[in-house]
Amino acid sequence: MTRNSPPYRAIRLLEVATVKPMVDQILTHISNTPHELIAYAQAQGLLVEAYSPVAHGELLKNGQAIAIAERYGVSVAQLSLRYCLELGLLPLPKTVTPAHMRSNAELDFSISDDDMALLKTIDRIVDYGSASSLRVFGGKPGARLGTGMGTDTGRPIPPPQPSLGCAYDARHGSGWSGFRRFAEGRKVLHAVGADR
């Protein structure tokens, strides 16, 4: 499934897929928990990966989350990751810092029912900082950061590069049509044994 896909897309994909998806990656964090979509995905037997569980770093500035994290003696990042785990989700944090990787794994605490209820009511983040222009955070398709350039450096955004884990990338196009072209290509490669 696609990141933060609306429920109707998830339903449609499950109706037409010849191979049932096993995972749905959904934008989920304290202050943005799409309970209905999560419940639907879980009812279909899908593992829900919580994309951006720390809200692209914006959650680290939230006063309510900071206060609750302090009560547990943990960081806001740890609180957010534990929140996702308590909901039965697999959080997908992004870090390149070894210290943060270790800290993200130190989640041997649980959040009380009262605090879980409070975390579910924290005001929704509406400004994701420099990431606000990204589609997953509510930006428009094709939007660029800053003033039409890649970052504050003023350099253009480079084209997407293929990932090491998946052959699907920008060469196939964006959205469902691009994914469909990728999937059709995989079927052809698989049929002739060229993908092995």
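The values are calculated or read from the model by the stated rules, or taken from the named source; none is laboratory data. Predicted model only: the values in this text are computed from it and were never measured. Every residue, glycine as well, gets a Cβ built from its backbone with ideal geometry; the counts of neighbours run over all protein chains shown.
Numbers for the structure displayed
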{"read-out": "Residue check, Glu49 touching a Pro at 6+ places or on another chain (Cβ under 8 Å) and of a type in the set (D, E, K, R)", "value": "yes"}
{"read-out": "Filter result (over 20 Å from the mean Cα position of the chain (by Cα), of a type in the set (D, E, K, R), surrounded by 10 or more Cβ atoms within 10 Å (Cβ to Cβ) and in a loop (DSSP other than H, G, I, E, B)) within the stretch 93-126", "value": "Glu106"}
{"read-out": "Total residues in the stretch 58-89, condition part of a helix (DSSP H, G or I) and either among the acidic types (Asp, Glu) or touching a helix residue (DSSP H, G or I) at 6+ places or on another chain (Cβ under 7 Å) (or both)", "value": "17"}
{"read-out": "Residue tally, condition of a type in the set (Ser, Thr, Tyr) and under 16 Å from Arg124 (Cα atoms), over the stretch 12-50", "value": "3"}
{"read-out": "Verdict on Asn32 being modelled with pLDDT under 85 and not aromatic (Phe, Trp, Tyr)", "value": "no"}
{"read-out": "Qualifying residue in the stretch 42-57 (condition: under 20 Å from Gly129 (Cβ atoms), in the same structural domain as Ser130 (by TED's automatic domain parsing), aromatic (Phe, Trp, Tyr) and touching a residue at least 24 places away in the same chain (Cβ under 8 Å))", "value": "yes"}
